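Contents: one structure, followed by commentary.
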């Protein structure tokens, strides 16, 4: 029984030797589905990350934030929220950089050379390996979700069209006269997000009844979170939760967010439409949703997908 004074996110153990077709695989698939439908997220315990690798990843990113602002600003993008975010309103504690397709070595090398023209092999190799490991976790979760909904035949095309954006963030400690809100409440506009952090907690997720749940970090734990496109794909079965970062403690928080989306048109599988669940969303594309969302900052804290492509 979870204490009401310390509410937590549901946890799914993915460190087991899971094999498709086994009872443990099926029960884990069901646990993931239930967590995504009720909370929109869960804590994944994943054994491909050792404590040593976790520490190495955190260590190599810290010097990146010490680079001059004009160097970090080279991380530019025509896409909203894909490049460098400089601290300022409404999130003065947050600074972050985005790496598109970080699991691809050539893309990782291009980003590294942008910030370190003379090279930084340790950073490049470590973050490339990190992105590969986390993208494998994302693909495992998607395989389990597609299977539990009985739509496995669409999995291969979905994975083939999936792209990733890795955002690496630093939240500084607030000064005495500052609010401790690191990231304002928002729902994600990509398909799925996998979050990982150092030992400074801060992530909070709002339940359907308005209660905020916290997350206790560990080197082998990740928060897997559904975005609005996943909600639409599932015909409103999966929940896209509001979440925020509240800074606590006296040292910076470093976090990693792997955002997945698809290059293809997103539409609800016909198997998820029936008399009990009539179609609720028209087919749409991720970039269209992202641009619709960024046209008006007031949409940040609300679910915009119904306004964008609801039936």
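Okay, here's what the table says:
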read-out: Residue in the stretch 29-39 that is without any contact (Cβ under 8 Å) to a residue 60 or more places away in the chain, within 30 Å of residue 295 (Cα to Cα) and surrounded by fewer than 17 Cβ atoms within 10 Å (Cβ to Cβ) present; value: no
read-out: Test result for residue 156, over 21 Å from residue 66 (Cα atoms) and in contact with a helix residue (DSSP H, G or I) (Cβ under 6 Å, 6 or more places away or on another chain); value: no
read-out: Qualifying residues in the stretch 194-211 (those that are touching a residue at least 60 places away in the same chain (Cβ under 8 Å), over 21 Å from residue 59 (Cα atoms) and in contact with a strand residue (DSSP E or B) (Cβ under 7 Å, 6 or more places away or on another chain)) - the one surrounded by the most Cβ atoms within 10 Å (Cβ to Cβ); value: 205
read-out: Residue among 69, 50 that alone is touching a residue at least 40 places away in the same chain (Cβ under 8 Å) and surrounded by fewer than 12 Cβ atoms within 10 Å (Cβ to Cβ); value: 50
read-out: Residue list for the stretch 192-222, restricted to those being in contact with a helix residue (DSSP H, G or I) (Cβ under 6 Å, 6 or more places away or on another chain) and modelled with pLDDT under 95; value: 198, 219
read-out: So residue 159, is it at pLDDT 95 or above and touching a strand residue (DSSP E or B) at 6+ places or on another chain (Cβ under 6 Å); value: no
read-out: Only listed residue being over 25 Å from residue 128 (Cα atoms), in contact with a strand residue (DSSP E or B) (Cβ under 6 Å, 6 or more places away or on another chain) and surrounded by fewer than 16 Cβ atoms within 10 Å (Cβ to Cβ), chosen from 11, 22; value: 11
read-out: Given (1) closer than 30 Å to residue 60 by Cα; (2) free of Cβ contacts under 8 Å to residues at least 40 places away in the same chain; (3) surrounded by fewer than 17 Cβ atoms within 10 Å (Cβ to Cβ), number of the condition residue 217 does not satisfy; value: (3)
read-out: Failed item in (1) more than 29 Å from residue 142 (Cβ to Cβ); (2) buried (at least 17 other Cβ atoms within 10 Å of the Cβ), with residue 44 passing the rest; value: (1)
read-out: Boolean, residue 111 is farther than 30 Å from residue 251 by Cβ and at pLDDT 95 or above; value: no
read-out: Complete set of residues in the stretch 194-207 that are in a loop (DSSP other than H, G, I, E, B) and closer than 24 Å to residue 130 by Cα; value: 198, 199, 200, 201, 202
read-out: Contacts under 8 angstrom Cβ, first residue in the stretch 261-275 being free of Cβ contacts under 8 Å to residues at least 60 places away in the same chain, partner part of a helix (DSSP H, G or I) and surrounded by 12 or more Cβ atoms within 10 Å (Cβ to Cβ), 6 or more apart; value: 267/233; 268/232; 268/233
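One line per residue, one yes/no per condition, for (1) in contact with a helix residue (DSSP H, G or I) (Cβ under 8 Å, 6 or more places away or on another chain); (2) over 21 Å from residue 157 (Cβ atoms); (3) surrounded by fewer than 17 Cβ atoms within 10 Å (Cβ to Cβ):
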{"site": "227", "(1), (2), (3)": "no, no, no"}
{"site": "248", "(1), (2), (3)": "no, yes, yes"}
{"site": "255", "(1), (2), (3)": "no, yes, no"}
{"site": "276", "(1), (2), (3)": "no, yes, yes"}
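The values are calculated or read from the model by the stated rules, or taken from the named source; none is laboratory data. Note that this is a predicted model, so its numbers are computed, not measured. All Cβ positions, glycine included, derive from the backbone under ideal geometry; neighbour counts span all protein chains shown.
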